[in-house]
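The values are calculated or read from the model by the stated rules, or taken from the named source; none is laboratory data. Values in this document were obtained by computation on a predicted structure and should not be read as measured data. Quick reminder, even Gly has a Cβ in these numbers, built from the backbone with ideal geometry, and neighbours come from all protein chains shown. Please note that ligands, DNA and RNA were not included when accessible areas were found on the heavy atoms of the full protein model with its side chains. Shrake-Rupley method; radii C 1.70, N 1.55, O 1.52, S 1.80 Å.
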Amino acid sequence: MARFIIRRLFQMVGVVVVLSLMLFLWLKALPGGTVSALLGERATPATREALTKALGLDQPVWVQYGKFVQRAASGEFGASTAVLPGRDAFDIFLTRLPATIELSVAALVIAIVLAIPLGYVSARRHNSALDSGLVVLSLIGVAVPVFFLAFVLKYQLSVEHNVFPVSGRQDPGLGCTRVTGFFVLDGLMTRELDCSADALKHLVLPAVTLATIPFAVVYRITRASVLDVLDEDYVRTAESKGLTARVIRARHVMRNALLPVVTTIGLQVGGLLAGAVLTESVFNFPGIGSALAQSFSQKDFPVLQVLILAAAAIYVVVNLLVDISYAIIDPRVRTR
């Protein structure tokens, strides 16, 4: 197991290096270069030259990349130019990260808690009215754009009927104590239960919106995987032995059907990060998704760099965890 993890760690480092190189080359390929992107087309030659030297863009490309990696490793990306002018870009990432983690975890929990049981039930009742209805529901979940669903839910449940808050993470008038940056957890830690309840109310609509696509995908994979396993001889043998449905489900069906489901859940984390850009923007939820959209539209490249690298690193780490879970579920994976 240790060798398997070490091998995956080396692969993870290689992926991060390649991604950092792609980001560096993308910044170099910006129309007019990084200097024009930062200063605009009307900047004077003297200003351009001064910024070029300050950024080290007059040095060889390999030297620039080496310094880029060095700054990235130390978290020194420079100060924000638009999102929060003058504030350190890495500090903005650390401040916004808890919001996106809280939102993504909530969305993933909603998706998994609903998708896996419904996928199993749908497979057990294959071709029934319930199965057909759930399949149609999953197709709708994939087909409806996230931003459209976000606007519909926001208008109907916030603007029209005032069931949930319109935007934000928490009512600032509550004066809640900040400990970790995870508002729900902070309220529980400080015993300010009204703060936790308010944070949950703000979290419901964005989390439900973000959970739709992961729910649909995980449901369909679970359904297909369980259908495949139900046709296996060992399941029929277990049924003929008179084993209870609970034992057959736990020991024979779900354990063998979980591998593709686990893979799908890991891949959906990347989809959550992408969907968070739209969801956080619609609900004015101050996470790294909304910061990424703002930094891109306003050409805040220090913030853009740290957010892209961080998102890539998170995705790679999640895939490492998926590989480890694979090895736990199926020991044969460790030899691959």
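Filter the helices (runs of 4 or more DSSP H) completely within the stretch 156-267 down to those with at least 2 residues that are among the hydroxyl-bearing types (S, T, Y) and farther than 30 Å from A312 by Cβ. Give the steps one after another, and end with the answer.
On the way: elements: 183-189, 193-230, 233-240.
Hits in the stretch 156-267: 233-240.
Any residue at all in the stretch 105-128 that's surrounded by fewer than 17 Cβ atoms within 10 Å (Cβ to Cβ), in contact with a Ser or Thr (Cβ under 6 Å, 6 or more places away or on another chain) and modelled with pLDDT of 90 or more?
Taking the stretch 105-128 first, the residues surrounded by fewer than 17 Cβ atoms within 10 Å (Cβ to Cβ) are 105, 109, 113-114, 117, 121, 125-128.
Still in the running and in contact with a Ser or Thr (Cβ under 6 Å, 6 or more places away or on another chain): none.
No, every residue in the stretch 105-128 fails to be surrounded by fewer than 17 Cβ atoms within 10 Å (Cβ to Cβ), in contact with a Ser or Thr (Cβ under 6 Å, 6 or more places away or on another chain) and modelled with pLDDT of 90 or more.
Filter the stretch 154-183 for residues that are out of contact with any Leu (no Cβ under 6 Å at 6 or more places or on another chain) and of a type in the set (A, V, I, L, M); which is nearest to L94 (Cα to Cα)?
First pass over the stretch 154-183, keeping only residues out of contact with any Leu (no Cβ under 6 Å at 6 or more places or on another chain): 154-162, 165-183.
Restricting the remaining residues to those that are of a type in the set (A, V, I, L, M) gives 157, 159, 166, 174, 179.
Details: L157: 31, V159: 31, V166: 25, L174: 23, V179: 14 Å.
My answer is V179.
Does F215 satisfy the condition of being open to solvent by 50 Å² or more (accessible area, probe 1.4 Å), under 20 Å from V277 (Cα atoms) and out of contact with any Cys (no Cβ under 6 Å at 6 or more places or on another chain)?
Taking the combined requirement at face value, the residue does not satisfy it.
Out of the residues in the stretch 193-245 that are among the β-branched types (V, I, T) and more than 18 Å from R125 (Cα to Cα), which is modelled with the lowest pLDDT?
Our first condition is that a residue be among the β-branched types (V, I, T); within the stretch 193-245, this holds for 204, 208-209, 212-213, 217-218, 221-222, 226, 229, 235, 237, 244.
From the residues that got through so far, the ones that are more than 18 Å from R125 (Cα to Cα) too are 204, 208-209, 212-213, 217, 237.
Details: V204: 95, V208: 94, T209: 94, T212: 92, I213: 89, V217: 92, T237: 74.
By that ranking, first place goes to T237.
What do you reckon, is V142 buried (at least 18 other Cβ atoms within 10 Å of the Cβ) and out of contact with any Pro (no Cβ under 8 Å at 6 or more places or on another chain)?
Numbers: buried (at least 18 other Cβ atoms within 10 Å of the Cβ): no; out of contact with any Pro (no Cβ under 8 Å at 6 or more places or on another chain): yes.
Taking the combined requirement at face value, the residue does not satisfy it.
Under 7 Å by Cβ, and 6 or more places apart or on different chains, what pairs join a residue from the stretch 120-146 that is under 22 Å from N256 (Cβ atoms) with one that is acidic (D, E) and surrounded by 13 or more Cβ atoms within 10 Å (Cβ to Cβ)?
S122/D131; R125/D131
Spot the failing condition for L267; the list is (1) surrounded by 19 or more Cβ atoms within 10 Å (Cβ to Cβ); (2) within 21 Å of A115 (Cβ to Cβ); (3) within 12 Å of the chain's Cα centre (by Cα); (4) at pLDDT below 85, and only one is missed.
That leaves (1) as the condition not met.
Would you call S74 closer than 23 Å to V204 by Cα and either modelled with pLDDT under 85 or surrounded by 19 or more Cβ atoms within 10 Å (Cβ to Cβ) (or both)? Lay out the reasoning, then the answer.
Numbers: closer than 23 Å to V204 by Cα: no; either modelled with pLDDT under 85 or surrounded by 19 or more Cβ atoms within 10 Å (Cβ to Cβ) (or both): yes.
Against the criterion (closer than 23 Å to V204 by Cα and either modelled with pLDDT under 85 or surrounded by 19 or more Cβ atoms within 10 Å (Cβ to Cβ) (or both)), S74 does not qualify.
Counting only residues that are of a type in the set (A, V, I, L, M, F, W, C), surrounded by 23 or more Cβ atoms within 10 Å (Cβ to Cβ) and more than 23 Å from L25 (Cα to Cα), how many does the stretch 280-321 have?
Going through the stretch 280-321 one residue at a time, the tally reaches 2.
Which of the residues belonging to the stretch 296-327 are over 24 Å from T81 (Cα atoms) and in contact with a Phe, Trp or Tyr (Cβ under 9 Å, 6 or more places away or on another chain)?
First, pick out the residues of the stretch 296-327 that are over 24 Å from T81 (Cα atoms): 314-327.
D323, I324, A327 - these are the residues of the stretch 296-327 that are over 24 Å from T81 (Cα atoms) and in contact with a Phe, Trp or Tyr (Cβ under 9 Å, 6 or more places away or on another chain).
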